[in-house]
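The next block holds one structure in the form of structure tokens; read it before the comments.
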Amino acid sequence: MNEKDFINLGIRPYKKGLCDLGNNSYAYLQPDGGWGWSNAGLICDGDESLIVDTLFDENLTNEMLIVMEKAEPLAFKNIVALVNSHSNGDHCNGNNCVNTEVIISSEASLEEMHHESPEMMAGLLLQAPNMGKLGEYFTQCFGNFDFAGVTRKLPNTTFNKETTKKVGDKVVELYEVGPAHTNGDVVAYVPDDKVVYTGDILFIEGHPILWAGPISNWIDACKRIIALDVESVVPGHGPVTDKRGVRAVQEYLSYIHDEAKTRYDNGMKAEEACKDIDLSAFSSWGDAERIAVNINSLYREFRGEQEREDVTLLFTQMSELLDQKG
């Protein structure tokens, strides 16, 4: 991506570590933002703090927490809550590392977490050498993470629709906007700081992945973020942006919906639609093979089906698509 593109998306310099957003709020960033390399947040006021999301394993999370404590030593002694934006492990596998009594998620996210586990990921990586191209792709995506070293700690406080949490004198507003990326996506908005932490409602400079849907909910979530009084938008993956980055993701979602619907109505199979849709307008975005999951989910939505495709098949389709384009 060139400098002009960065300016057009409101993107800030993208470096690993803590990004100061002002007024004692921060984003913790992990370039390049691809599979598993997620972001987190730290919100402080006075002698209290709140963390938004942990990372894919405990080593990465502990490294992040050390950096956060150095930046805000007083507030870090009293972490009033940890918020998990959704159920994917790269946003909650490090929960056990955080010294807090309150872990918050949407009710739907907690239910979904019971069907995902670091043990499953560790087992798949052990099997990967015997899985051919699929195993190579899975290792490429997830081989850098230590799932065997994760002790699961699930949320103990859940909500539906919306709730708030005080951090010092700041109010953190939590909005459930899923099902979209997953069943229970949550965004965390800090009005005093004009900051919003979006979880995986936003992938900046990477293709979003539609595990759950419907896509209309995801588009509505983008519209809701745009309607907020915000200057800093912290995505689940990628660099900090502003409302221009949100609009770019919204445009992508609308585009693939319309392109997929045309091909569905014309009787084209999902596997062919993935290859046929022109993604050149998003050529600088990473992980383009995720279109396989997105089209699969959209076709399921068009058919009125609720049950999701087997995740192994979806990763097989992504690995094949990447191999064909490579």
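The values are calculated or read from the model by the stated rules, or taken from the named source; none is laboratory data. None of the values given here were measured: they were computed from a predicted structure. Here the Cβ is made from the backbone with ideal geometry for all residues, glycine too, and neighbour counts use every protein chain on show.
A few points about this structure:
- Any hit, segment 80-89, residues being farther than 18 Å from Val195 by Cα, in a helix (DSSP H, G or I) and under 16 Å from the mean Cα position of the chain (by Cα): yes
Here is a yes/no grid of residues against (1) out of contact with any Pro (no Cβ under 8 Å at 6 or more places or on another chain); (2) over 18 Å from Gly36 (Cα atoms):
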position: Pro179; (1), (2): no, yes
position: Glu205; (1), (2): no, no
position: Asp220; (1), (2): yes, yes
position: Ala227; (1), (2): yes, yes
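- Considering the conditions (1) touching a Lys or Arg at 6+ places or on another chain (Cβ under 7 Å); (2) without any contact (Cβ under 8 Å) to a residue 24 or more places away in the chain, Val171 is excluded by exactly one of them, (1).
- Scanning segment 42-80 for residues that are under 18 Å from Phe145 (Cβ atoms), polar (S, T, N, Q) and touching a residue at least 40 places away in the same chain (Cβ under 8 Å) yields a total of 2.
- Ile11, sole failed condition from (1) within 22 Å of Tyr189 (Cα to Cα); (2) modelled with pLDDT under 95; (3) outside any loop (DSSP other than H, G, I, E, B): (3)
- Tallying residues that are surrounded by fewer than 19 Cβ atoms within 10 Å (Cβ to Cβ), under 24 Å from the mean Cα position of the chain (by Cα) and part of a helix (DSSP H, G or I) within segment 262-290 yields 4.
- Only residues that are closer than 30 Å to Glu119 by Cβ, among the aliphatic types (A, V, I, L, M) and crowded, with 19+ Cβ neighbours inside 10 Å were counted across segment 152-196, and they come to 6.
- Scanning segment 197-230 for residues that are charged (D, E, K, R), surrounded by fewer than 21 Cβ atoms within 10 Å (Cβ to Cβ) and part of a loop (DSSP other than H, G, I, E, B) turns up just one, Asp229.
- Subset of segment 36-48 (residues that are outside any strand (DSSP E or B) and either of a type in the set (Gly, Ala, Ser) or surrounded by 22 or more Cβ atoms within 10 Å (Cβ to Cβ) (or both)): Gly36, Ser38, Asn39, Gly46
- Leu74 buried (at least 20 other Cβ atoms within 10 Å of the Cβ) and at pLDDT 95 or above: no
- If the condition is being assigned to a helix (DSSP H, G or I) and without any contact (Cβ under 8 Å) to a residue 24 or more places away in the chain, then segment 299-310 contributes only Arg303.
- Pair list, Cβ under 6 Å, 6 or more apart: segment 219-243 residue charged (D, E, K, R), other residue assigned to a helix (DSSP H, G or I): Lys243/Ile226
Let's see how each residue does on (1) charged (D, E, K, R); (2) surrounded by fewer than 17 Cβ atoms within 10 Å (Cβ to Cβ); (3) modelled with pLDDT of 95 or more; (4) not in a helix (DSSP H, G or I):
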{"site": "Val246", "(1), (2), (3), (4)": "no, no, yes, no"}
{"site": "Ile256", "(1), (2), (3), (4)": "no, no, yes, no"}
{"site": "Ala292", "(1), (2), (3), (4)": "no, no, yes, no"}
{"site": "Ser297", "(1), (2), (3), (4)": "no, no, yes, no"}
{"site": "Thr312", "(1), (2), (3), (4)": "no, yes, no, no"}
{"site": "Asp323", "(1), (2), (3), (4)": "yes, yes, no, no"}
